[in-house]
Amino acid sequence: MAAFSDLNVLPGKDLSSNSKIQILQAAIKLGYQVVAINYDGGELKGKKGKEPPIKSPAEVVLDEKNMTELKKTTGKSFRQLSRFTTVINDPAQTHKLQTSPEIQAYDLLAVVPTSEKTFHLACGTLEVDIISLDLTEKLPFLFRRPSISLAIERGIHFEIIYSPCIMDSTCRRNTISNALALMTICKGKNIIISSGCKKGIALRGPYDVANLGLLFGLTQAQAKDALSKNCRAVLFHAESRKAEKSTISVVKASTLPLKSKVFPEVDDSEPECKKSKIGVTL
């Protein structure tokens, strides 16, 4: 079984080391092996809009020294990730999301759409890993099968946040109602459940969260997958999203140093189309 993961913890606006350490300590004790520290980027402006500078991932996650001390204290190894989340009210706000090197440096990218137009945009066009939905209130749009099917096909996952359900009965009622509407269309596919907590006290163990997933319309197996296999799929999607922007350089084997040649080079008299970069006839 894949490792239990919580891909959304929010250690306050200041992102102080103490708050991050407390949350990670609580997560490790409860059995989580992968935790993503979420930086809430708020609402991005358009091309001409001015906004505060975006923090780098290094400022969001714990530094190497604190990580080493934390692993010694707990006696367990785990993986921390950086995540950037932004609210999109207008398609024009997505320009910076796709082009900013500071944002693209984060391990995970998530968006919170606020209208049917931006929801469809996130499902069909945006290169993100997670669509996070504020299910604590009545949504201003309906879930459409074409949009959700497109997102599932592209490997994008929908996130349900459970911490508001613990704190408030109204939030719990709205979240369950909205989640059931989502499950009616997606049938439990590409769903992850995250805490969205700001303090370690709001965290719950993986099996407790899986039981909560039953109220959201998931089966027992789907609820466990929402904390493990689906989270791993999100990480694979993030890696492939970054790999798509890579480039490959192909050179002639005859130009490489002798030690770099894997196979004997092809005769230079052969047509160019019959040479590969390691000198093997295709």
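Please list, in order along segment 132-141, the HN-Hα scalar couplings obtained from phi with the Karplus expression 6.51 cos²θ - 1.76 cosθ + 1.60 (θ = phi - 60°), rounded to whole Hz, x for Gly and Pro.
8, 10, 7, 8, 6, 10, 5, 6, x, 8
When the solvent-accessible surface of protein heavy atoms is calculated with a 1.4 angstrom probe, in what order do Ser115, Ser82 fall, highest first?
Ser115, Ser82
Ignoring ligands, DNA and RNA, what percent of the 1.4 Å accessible area of segment 158-218 is carbon and sulfur?
56 percent
Can you give the translational diffusion coefficient of segment 58-99 in µm²/s, computed by Stokes-Einstein from the Kirkwood radius over Cα pairs at 37 °C and 0.692 mPa s?
Using the Kirkwood radius from Cα pairs, D works out to 249 µm²/s.
Taking a probe of 1.4 Å, how large is the accessible area per residue of segment 74-154, in Å²?
44 Å²
The values are calculated or read from the model by the stated rules, or taken from the named source; none is laboratory data. None of these values were measured; they are calculated from a predicted model. Note: accessible area is taken over every heavy atom of the protein model, side chains too, but ligands, DNA and RNA are not part of it. Shrake-Rupley method; radii C 1.70, N 1.55, O 1.52, S 1.80 Å.
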